[in-house]
Amino acid sequence: MLSEGIEKALYLDCDVVVERDVGALCDLDPGGHYVLAAQDLAVPVVSSPMGLKLYKELGLDGSKKYLNAGVMLMNLKKWRDNGISKRVVAYIRENEESIQFCDQDGINAIIPGQWGEFDPRWNQMSQIYGLSSYRESPYDQERFEKLLRDPYIRHFSASAKPWNHQGSNRNMSRFFYYLKRTAFAHDLKRPFRATLFGRILDRSLRALR
């Protein structure tokens, strides 16, 4: 979809809140890597329970890090030159029954160990709020605390999203902080927005419009 002249692109999932100018992220050099990304907190390595089911069949070292595809700085030239898109799609189609995270599984299967890491603050995954200390994470204490205190991009990577979950933490409160400043601020006036009844009623009302 992007012209051949564009050799680098920043990909963002739709379930993120950006807290920092992404220009600094876009200015990073992916070097010889296909992408720059962050290690997944819920699936730290390819052999994790929710990792690649076929990692042994693929001949992969189970300790290889598993990337989270929610935020990626992509080296489009290298990506195109090696036909990564077609290879990822082909892998997903050929191994449909073993796929757990769609494109993310495909990317990890096709480019294992061929991606670089950026500061994890560019992809703070919401699973970090369920960890009791840095010892349960891939990070040392200093990096873990920075990630909690000053994330650059907040990624609602768990199934509980701010718009469908009644729980709250600082991560989710930032979503509503920005929502108040948009044309969709009226959603804040619906206290039942996170309940099953509220979602059903909301859909019914929209269908009648």
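Data table
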quantity: Residues satisfying the stated conditions in the stretch 65-101, i.e. among the basic types (Lys, Arg) and surrounded by fewer than 18 Cβ atoms within 10 Å (Cβ to Cβ); calculated: 77, 80, 86, 87, 93
quantity: Unique match (being touching a Gly at 6+ places or on another chain (Cβ under 7 Å), modelled with pLDDT of 95 or more and either over 28 Å from residue 5 (Cβ atoms) or part of a helix (DSSP H, G or I) (or both)) among 85, 47; calculated: 47
quantity: Any hit, the stretch 130-151, residues being touching an Asp or Glu at 6+ places or on another chain (Cβ under 8 Å), assigned by TED's automatic domain parsing to the domain that holds residue 34 and not in a helix (DSSP H, G or I); calculated: no
quantity: Failed condition for residue 97, given (1) modelled with pLDDT under 80; (2) assigned by TED's automatic domain parsing to the domain that holds residue 12; calculated: (1)
quantity: Hits in the stretch 66-78 (condition: within 15 Å of the chain's Cα centre (by Cα) and without any contact (Cβ under 8 Å) to a residue 60 or more places away in the chain); calculated: 66, 67, 69
quantity: Hey, residue 104 in contact with a Ser or Thr (Cβ under 8 Å, 6 or more places away or on another chain), touching a residue at least 12 places away in the same chain (Cβ under 8 Å) and not in a loop (DSSP other than H, G, I, E, B) or not; calculated: no
quantity: Members of the stretch 138-159 that are under 16 Å from the mean Cα position of the chain (by Cα), buried (at least 18 other Cβ atoms within 10 Å of the Cβ) and closer than 16 Å to residue 42 by Cβ; calculated: 147, 154, 155, 156, 157
quantity: Pair list, Cβ < 8 Å and 6+ apart or interchain, from the stretch 173-184 residues that are in the same structural domain as residue 148 (by TED's automatic domain parsing) to residues that are surrounded by 12 or more Cβ atoms within 10 Å (Cβ to Cβ) and among the aromatic types (Phe, Trp, Tyr); calculated: 175/156; 175/163
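One line per residue, one yes/no per condition, for (1) β-branched (Val, Ile, Thr); (2) modelled with pLDDT under 90; (3) farther than 19 Å from residue 15 by Cβ:
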position: 119; (1), (2), (3): no, no, yes
position: 122; (1), (2), (3): no, no, no
position: 140; (1), (2), (3): no, no, yes
position: 156; (1), (2), (3): no, no, no
position: 162; (1), (2), (3): no, yes, no
position: 167; (1), (2), (3): no, yes, no
position: 188; (1), (2), (3): no, yes, no
position: 194; (1), (2), (3): no, yes, no
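The values are calculated or read from the model by the stated rules, or taken from the named source; none is laboratory data. This is a predicted model, so every value here is computed, not measured. Note that we place each Cβ from the backbone using ideal geometry, even for glycine, and neighbour counts take in every protein chain shown.
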